[in-house]
Amino acid sequence: MAFVFVLTVGLIAGTISGIVGTGSSIMLMPVLVYAYGPKEAVPIMAVASVMANFSRILAWWREVDWRACAAYSVTGIPAAALGARTLLALPSHAVDLAIGSFLIVMVPVRHWLARHDLKANLWHLAVGGAVIGYLTGIVVSTGPLSVPLFLFYGLSKGAFLATEAASSLGLYFAKSVTFERFGALTGDVFVKGLIAGASLMSGAFIAKRFVLHLKPDVFRLLMDAIMIAAGLSMLWNAAQP
């Protein structure tokens, strides 16, 4: 039943994240924590995120801005590995607390960013990659930060989805390798990640036809609700004895 639940939520999460560019980890992570516990859920989500981002690249291959991807990834990949190593040193309840708090705090931060007509260049992407990469290693998903960064760079629709996915792919791969190196990504955990990732990949291809039809206001409300609900769920887990 746990697999069915994960697959169902993963398909929904993959579809929504395929439309808006983020959200799969935010939606799926509380389900993985409930099913497997926080220490297993984090590396499972890392494997699933690699697959999810790869599927978005396949869906929008011709739209990738490789210069932006390279600028973001060159600093983001080593930072993500460092963040993942930091995460492994934290106790389980601290993981829940960190992830839950981050998701809730990102709601007002995202609104603040949206109110400012900021512009980003390749240097900004490199600096953002370092900061967001490290946070990605610790808190599972930093889409609410990476999404506006790539939008400020001037990307939109398919180009945005493809480039953000290509850039995130390297971060999550580095995170997965770090988990494997330090014994957190076992064979059983890897299989669970493949199962979750398969559902996210399916959702990404379903989403492609809806990308041009989602209203911005609906997206903002949807992401706020998802982030607050997921954050509260993680904080609830952290409060349990």
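Computed with a 1.4 Å probe over protein heavy atoms only, the accessible area of GLU63 comes to about 90 Å². For the set SER168, SER156, the ranking by accessible area, highest first and with no ligand, DNA or RNA atoms included, is SER156, SER168 under a 1.4 Å probe. With the whole protein complex present, VAL4 retains an accessible surface near 80 Å², based on a 1.4 Å probe.
Based on every Cα atom in region 131-201, Rg and the maximum pairwise Cα distance Dmax equal 13.8, 41 Å.
The values are calculated or read from the model by the stated rules, or taken from the named source; none is laboratory data. Everything numeric in this text was worked out from a predicted model, so none of it was measured. Accessible surface areas use protein heavy atoms only, side chains included; no ligands, DNA or RNA. Shrake-Rupley method; radii C 1.70, N 1.55, O 1.52, S 1.80 Å.
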